Amino acid sequence: MADTKTRAQLAGGMTATDSWIRKHRLIYTDATRHPFVLSIRDGTVDLSAFRTWVEQECKFLRSFTAFVASVLVKAWKESDDRADEEVILGSLASLNDEFAWFKKEALKRDIDLTKIVPQNATAGYSRFLESLMRPEMEYTVAITALWAIEAVYHESFAYCMEDGSKTPLELREACERWGNEGFGNYCNTLKKIVDRRLEMAAGEISKKTEMALLRVLECEVEFWNMSRDGPQQTIRAMN
Ligand code: HMH
(Lines give C-alpha, C1' and ligand atoms only; values in the text may rest on other atoms or scores of the structure.)
Protein backbone atom coordinates (compact mmCIF):
# COMPACT_ATOMS: atom_id res chain seq x y z
CA MET A 1 0.00 0.00 0.00
CA ALA A 2 2.87 2.33 0.77
CA ASP A 3 4.23 1.66 -2.70
CA THR A 4 4.55 4.99 -4.47
CA LYS A 5 4.55 3.51 -7.97
CA THR A 6 1.61 4.53 -10.09
CA ARG A 7 -0.77 2.02 -11.65
CA ALA A 8 0.78 2.58 -15.07
CA GLN A 9 4.28 1.89 -13.80
CA LEU A 10 3.15 -1.26 -12.03
CA ALA A 11 1.55 -2.42 -15.24
CA GLY A 12 4.89 -1.90 -16.94
CA GLY A 13 3.51 1.00 -18.99
CA MET A 14 4.55 4.60 -19.25
CA THR A 15 3.30 7.32 -16.96
CA ALA A 16 0.95 9.95 -18.42
CA THR A 17 3.69 12.57 -18.53
CA ASP A 18 6.09 10.19 -20.29
CA SER A 19 3.51 9.31 -22.90
CA TRP A 20 2.71 12.98 -23.54
CA ILE A 21 6.39 13.84 -23.93
CA ARG A 22 6.64 11.01 -26.43
CA LYS A 23 3.46 12.00 -28.28
CA HIS A 24 4.47 15.69 -28.46
CA ARG A 25 8.20 15.16 -28.79
CA LEU A 26 8.59 17.56 -31.73
CA ILE A 27 7.43 20.59 -29.79
CA TYR A 28 9.08 19.26 -26.62
CA THR A 29 12.39 19.16 -28.47
CA ASP A 30 11.74 22.63 -29.95
CA ALA A 31 11.36 23.91 -26.39
CA THR A 32 14.31 22.07 -24.81
CA ARG A 33 16.82 22.20 -27.70
CA HIS A 34 16.01 25.63 -29.08
CA PRO A 35 18.59 27.39 -31.31
CA PHE A 36 19.02 30.06 -28.59
CA VAL A 37 19.93 27.33 -26.09
CA LEU A 38 22.19 25.62 -28.63
CA SER A 39 23.96 28.97 -29.16
CA ILE A 40 24.65 29.18 -25.41
CA ARG A 41 25.98 25.64 -25.47
CA ASP A 42 28.28 26.19 -28.43
CA GLY A 43 29.43 29.59 -27.20
CA THR A 44 28.14 31.59 -30.20
CA VAL A 45 25.32 33.30 -28.26
CA ASP A 46 24.85 36.97 -29.01
CA LEU A 47 25.22 38.89 -25.76
CA SER A 48 22.52 41.39 -26.69
CA ALA A 49 20.17 38.42 -27.07
CA PHE A 50 21.18 37.21 -23.62
CA ARG A 51 20.51 40.70 -22.28
CA THR A 52 17.02 40.61 -23.79
CA TRP A 53 16.46 37.26 -22.11
CA VAL A 54 17.50 38.73 -18.70
CA GLU A 55 15.20 41.74 -19.16
CA GLN A 56 12.18 39.72 -20.20
CA GLU A 57 12.79 37.16 -17.43
CA CYS A 58 12.58 40.00 -14.90
CA LYS A 59 9.08 40.75 -16.22
CA PHE A 60 8.05 37.10 -16.58
CA LEU A 61 9.09 36.22 -13.03
CA ARG A 62 6.51 38.52 -11.47
CA SER A 63 3.60 36.73 -13.14
CA PHE A 64 5.26 33.38 -12.63
CA THR A 65 5.54 34.02 -8.87
CA ALA A 66 1.87 35.00 -8.65
CA PHE A 67 1.04 31.84 -10.60
CA VAL A 68 3.08 29.61 -8.26
CA ALA A 69 1.35 31.23 -5.27
CA SER A 70 -2.00 30.37 -6.88
CA VAL A 71 -0.88 26.75 -7.33
CA LEU A 72 -0.10 26.66 -3.61
CA VAL A 73 -3.64 27.83 -2.82
CA LYS A 74 -5.07 25.15 -5.14
CA ALA A 75 -2.93 22.45 -3.46
CA TRP A 76 -4.18 23.59 -0.07
CA LYS A 77 -7.78 23.38 -1.26
CA GLU A 78 -7.73 20.38 -3.56
CA SER A 79 -4.74 18.11 -3.14
CA ASP A 80 -5.04 14.60 -1.78
CA ASP A 81 -1.48 14.81 -0.40
CA ARG A 82 -0.36 17.50 2.08
CA ALA A 83 3.26 17.02 1.00
CA ASP A 84 2.48 18.84 -2.30
CA GLU A 85 2.23 22.13 -0.40
CA GLU A 86 5.81 21.79 0.83
CA VAL A 87 7.07 21.17 -2.69
CA ILE A 88 5.30 24.29 -3.99
CA LEU A 89 6.53 26.33 -1.04
CA GLY A 90 10.00 25.21 -2.15
CA SER A 91 9.26 26.65 -5.63
CA LEU A 92 8.41 29.99 -4.05
CA ALA A 93 11.56 29.92 -1.91
CA SER A 94 13.77 29.36 -4.94
CA LEU A 95 11.94 32.15 -6.79
CA ASN A 96 12.90 34.48 -3.96
CA ASP A 97 16.50 33.58 -4.66
CA GLU A 98 15.99 33.94 -8.41
CA PHE A 99 14.73 37.50 -7.99
CA ALA A 100 17.91 38.42 -6.14
CA TRP A 101 20.02 36.79 -8.86
CA PHE A 102 18.24 38.63 -11.68
CA LYS A 103 18.57 41.93 -9.85
CA LYS A 104 22.31 41.34 -9.62
CA GLU A 105 22.47 40.40 -13.33
CA ALA A 106 20.46 43.51 -14.25
CA LEU A 107 22.80 45.74 -12.24
CA LYS A 108 25.84 44.18 -13.95
CA ARG A 109 24.33 44.94 -17.35
CA ASP A 110 23.06 48.43 -16.50
CA ILE A 111 19.46 47.36 -16.98
CA ASP A 112 16.90 49.68 -15.42
CA LEU A 113 14.23 47.32 -14.07
CA THR A 114 11.61 50.07 -14.01
CA LYS A 115 11.97 50.68 -17.76
CA ILE A 116 11.59 47.17 -19.18
CA VAL A 117 8.70 46.85 -21.62
CA PRO A 118 7.30 43.33 -21.94
CA GLN A 119 7.58 41.99 -25.48
CA ASN A 120 4.69 40.07 -27.05
CA ALA A 121 5.95 36.63 -26.03
CA THR A 122 6.29 37.72 -22.39
CA ALA A 123 2.89 39.42 -22.34
CA GLY A 124 1.26 36.37 -23.97
CA TYR A 125 2.90 34.01 -21.49
CA SER A 126 1.70 36.17 -18.57
CA ARG A 127 -1.85 36.15 -19.93
CA PHE A 128 -1.78 32.37 -20.15
CA LEU A 129 -0.51 32.12 -16.57
CA GLU A 130 -3.27 34.48 -15.47
CA SER A 131 -5.87 32.17 -17.03
CA LEU A 132 -4.43 29.33 -14.93
CA MET A 133 -4.65 31.45 -11.76
CA ARG A 134 -8.44 31.65 -11.91
CA PRO A 135 -10.00 29.94 -8.86
CA GLU A 136 -12.09 27.62 -11.02
CA MET A 137 -9.02 26.26 -12.83
CA GLU A 138 -8.26 22.77 -11.54
CA TYR A 139 -5.17 22.00 -9.44
CA THR A 140 -4.20 19.11 -11.77
CA VAL A 141 -4.02 21.47 -14.76
CA ALA A 142 -2.07 24.14 -12.87
CA ILE A 143 0.50 21.79 -11.27
CA THR A 144 1.12 20.24 -14.70
CA ALA A 145 1.89 23.67 -16.14
CA LEU A 146 4.25 24.34 -13.23
CA TRP A 147 6.08 21.05 -13.84
CA ALA A 148 6.41 21.73 -17.59
CA ILE A 149 7.64 25.31 -17.08
CA GLU A 150 10.36 24.18 -14.69
CA ALA A 151 11.27 21.04 -16.66
CA VAL A 152 11.89 22.96 -19.92
CA TYR A 153 14.39 25.22 -18.17
CA HIS A 154 16.07 22.31 -16.43
CA GLU A 155 16.46 20.27 -19.62
CA SER A 156 17.62 23.29 -21.63
CA PHE A 157 20.23 24.54 -19.20
CA ALA A 158 21.47 21.10 -18.14
CA TYR A 159 22.26 20.58 -21.83
CA CYS A 160 24.50 23.68 -21.74
CA MET A 161 26.51 22.20 -18.86
CA GLU A 162 27.26 18.78 -20.35
CA ASP A 163 30.84 17.72 -21.11
CA GLY A 164 32.04 19.29 -24.33
CA SER A 165 29.77 22.34 -24.12
CA LYS A 166 31.42 25.71 -24.76
CA THR A 167 29.09 27.85 -22.68
CA PRO A 168 30.69 31.29 -22.10
CA LEU A 169 31.98 31.76 -18.56
CA GLU A 170 29.61 34.64 -17.80
CA LEU A 171 26.57 32.50 -18.64
CA ARG A 172 27.61 29.44 -16.66
CA GLU A 173 25.96 30.74 -13.50
CA ALA A 174 22.62 30.95 -15.30
CA CYS A 175 22.99 27.40 -16.62
CA GLU A 176 23.99 26.11 -13.19
CA ARG A 177 20.91 27.74 -11.63
CA TRP A 178 18.39 25.64 -13.60
CA GLY A 179 20.62 22.88 -14.88
CA ASN A 180 21.87 21.55 -11.54
CA GLU A 181 20.98 18.12 -10.22
CA GLY A 182 18.97 19.45 -7.27
CA PHE A 183 16.73 21.37 -9.66
CA GLY A 184 16.39 18.20 -11.71
CA ASN A 185 15.24 16.29 -8.60
CA TYR A 186 12.72 19.02 -7.84
CA CYS A 187 11.34 18.72 -11.43
CA ASN A 188 11.03 14.96 -10.94
CA THR A 189 9.11 15.49 -7.72
CA LEU A 190 6.69 17.77 -9.59
CA LYS A 191 6.39 15.18 -12.37
CA LYS A 192 5.43 12.50 -9.84
CA ILE A 193 2.74 14.77 -8.38
CA VAL A 194 1.36 15.31 -11.89
CA ASP A 195 1.29 11.59 -12.65
CA ARG A 196 -0.39 10.85 -9.32
CA ARG A 197 -3.06 13.46 -10.02
CA LEU A 198 -3.61 12.18 -13.57
CA GLU A 199 -4.12 8.64 -12.26
CA MET A 200 -7.25 9.86 -10.54
CA ALA A 201 -8.35 12.50 -13.06
CA ALA A 202 -11.46 12.29 -15.20
CA GLY A 203 -10.96 12.10 -18.95
CA GLU A 204 -11.94 15.70 -19.59
CA ILE A 205 -9.48 17.02 -16.97
CA SER A 206 -6.78 14.87 -18.49
CA LYS A 207 -7.50 16.39 -21.93
CA LYS A 208 -7.50 19.91 -20.52
CA THR A 209 -4.19 19.17 -18.79
CA GLU A 210 -2.61 17.94 -22.02
CA MET A 211 -3.71 21.18 -23.73
CA ALA A 212 -2.14 23.24 -20.93
CA LEU A 213 1.10 21.31 -21.35
CA LEU A 214 1.12 22.07 -25.08
CA ARG A 215 0.45 25.74 -24.43
CA VAL A 216 3.41 25.89 -21.99
CA LEU A 217 5.67 24.35 -24.63
CA GLU A 218 4.48 26.89 -27.22
CA CYS A 219 5.02 29.78 -24.80
CA GLU A 220 8.52 28.51 -24.02
CA VAL A 221 9.41 28.32 -27.73
CA GLU A 222 8.08 31.85 -28.23
CA PHE A 223 10.08 33.08 -25.24
CA TRP A 224 13.30 31.56 -26.68
CA ASN A 225 12.48 32.99 -30.16
CA MET A 226 12.08 36.44 -28.65
CA SER A 227 15.36 36.11 -26.74
CA ARG A 228 17.23 34.91 -29.81
CA ASP A 229 15.93 37.86 -31.84
CA GLY A 230 17.25 40.27 -29.21
CA PRO A 231 16.05 43.84 -28.65
CA GLN A 232 12.73 44.54 -30.32
CA GLN A 233 13.01 46.77 -33.38
CA THR A 234 10.67 49.71 -33.63
CA ILE A 235 8.89 49.54 -36.94
CA ARG A 236 8.50 53.01 -38.41
CA ALA A 237 6.10 54.09 -41.12
CA MET A 238 7.94 54.38 -44.41
CA ASN A 239 6.34 57.56 -45.68
C1 HMH B 1 10.33 31.69 -19.46
N2 HMH B 1 10.36 29.56 -18.30
C3 HMH B 1 10.69 30.84 -18.30
N4 HMH B 1 11.36 31.39 -17.28
C5 HMH B 1 11.68 30.63 -16.20
N6 HMH B 1 12.35 31.20 -15.17
C7 HMH B 1 11.34 29.26 -16.16
C8 HMH B 1 10.66 28.76 -17.26
C9 HMH B 1 11.70 28.34 -15.03
O10 HMH B 1 11.70 28.88 -13.78
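Structure notes:
- Matching residues, the stretch 155-181, being of a type outside the set (Asp, Glu), surrounded by fewer than 18 Cβ atoms within 10 Å (Cβ to Cβ) and over 14 Å from residue 98 (Cβ atoms): 161, 164, 165, 166, 168, 169, 172
- Applying the condition of being among the charged types (D, E, K, R) and more than 15 Å from the ligand (Cβ to nearest atom) to the stretch 45-60 and asking which residue is nearest to residue 231 (Cα to Cα) yields 51.
- Residue 131 being assigned to a helix (DSSP H, G or I), within 14 Å of the ligand (Cβ to nearest atom), at pLDDT 95 or above and not aliphatic (A, V, I, L, M): no
- Boolean, residue 211 is aliphatic (A, V, I, L, M) and surrounded by fewer than 14 Cβ atoms within 10 Å (Cβ to Cβ): yes
- For first residues located in the stretch 47-70 and aliphatic (A, V, I, L, M), partners that are within 10 Å of the ligand (Cβ to nearest atom) and lie 6+ apart or on another chain with Cβ distances below 7 Å form the pairs 49/227; 54/102; 61/95; 61/98; 61/102; 68/91; 68/95; 68/146.
- Screening 79, 63, 70, 94 for residues that are closer than 30 Å to residue 196 by Cα, away from the ligand (no atom under 16 Å from the Cβ) and surrounded by 12 or more Cβ atoms within 10 Å (Cβ to Cβ) leaves exactly one candidate, 79.
- Per the listing 30, 3, the residue uniquely charged (D, E, K, R), out of contact with any Leu (no Cβ under 7 Å at 6 or more places or on another chain) and at pLDDT 75 or above is 30.
- Counting the residues of the stretch 103-128 that are surrounded by 14 or more Cβ atoms within 10 Å (Cβ to Cβ), farther than 17 Å from residue 223 by Cα and within 15 Å of the ligand (Cβ to nearest atom) gives 2.
- Flag if residue 136 is away from the ligand (no atom under 11 Å from the Cβ), of a type outside the set (Lys, Arg) and outside any helix (DSSP H, G or I): yes
The values are calculated or read from the model by the stated rules, or taken from the named source; none is laboratory data. Worth saying up front: this structure is predicted, and the values here are computed from it rather than measured. FYI the Cβ positions are ideal-geometry reconstructions off the backbone, even for glycines, and counts take in every protein chain you see.
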